[in-house]
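Heads up, the thing below is written out as structure tokens.
The values are calculated or read from the model by the stated rules, or taken from the named source; none is laboratory data. Nothing here was measured: the structure is a model prediction, and the numbers come from that model. Every residue, glycine as well, gets a Cβ built from its backbone with ideal geometry; the counts of neighbours run over all protein chains shown. We work out accessible area using only protein heavy atoms, side chains counted, and drop any ligands, DNA or RNA first. Shrake-Rupley method; radii C 1.70, N 1.55, O 1.52, S 1.80 Å.
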Amino acid sequence: MNPYSKMAQTAISAISLLAEETPNTTPAKLSSADIAQRRRLPKPMIAKVLTILSQAGLVKGSPGPGGGYWLAKEPNEISLYEIINLFDRNDRNDSCPFGPDHCGQGPQCPLHDQLIHLQREVKQFLERTTLVSFLPAESKRASKAAPKETRPPQQKKNSSARKRRELNRR
């Protein structure tokens, strides 16, 4: 049983890869094609969720060759609830075993109170759980330290090529 939509699952899969690939000093920069290939998900779906995540301010992107996506915030600042809430309606009560229109339309079902309690616990879990959960152990320790500045990652070959050009000019 999975309580989340395919889009929410895809979004978590995509953004968690960005978190996993973020080294301690510079955000990772991955193309939607890279993410789709590594997570074995359809490219159009990855592109769509990355657009939504970008509009929500959770990721940033740059187009064109050498472009890609990276986290717009620290992994410890992005909760699973924040991601899921972009794709799934969390205000509906569709967990009633008698159907979505039973509870609230008359007498509550015998499981109503227990199911509401369970929904609250799941919501609290999702609010507490951040992308740090997807980091390797050594990165988790580093991410709990002072937050780093989130800026577009530098391309290594571009910066080294720039340095060579500057040296040649001197």
Checklist entry - Using a 1.4 angstrom probe and counting only protein chains, how large is the accessible area of residue 5 in Å², to 10? => result 40 Å²
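If packing is taken as the average count of other Cβ atoms within 10 Å, what order do 7-15, 56-64, 70-78 fall into, highest mean first?
So the order, starting with the most tightly packed, is 7-15, 70-78, 56-64.
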Checklist entry - Which far-off residues, 5 or more places away or on another chain, put their amide H under 5 Å from the one on residue 68, with H placed in the peptide plane? => result 62
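In terms of solvent-accessible area of protein heavy atoms at a 1.4 angstrom probe, what is the ranking of 132, 122, highest value first?
Values: 132 20, 122 60 Å².
The ranking, largest first, comes out as 122, 132.
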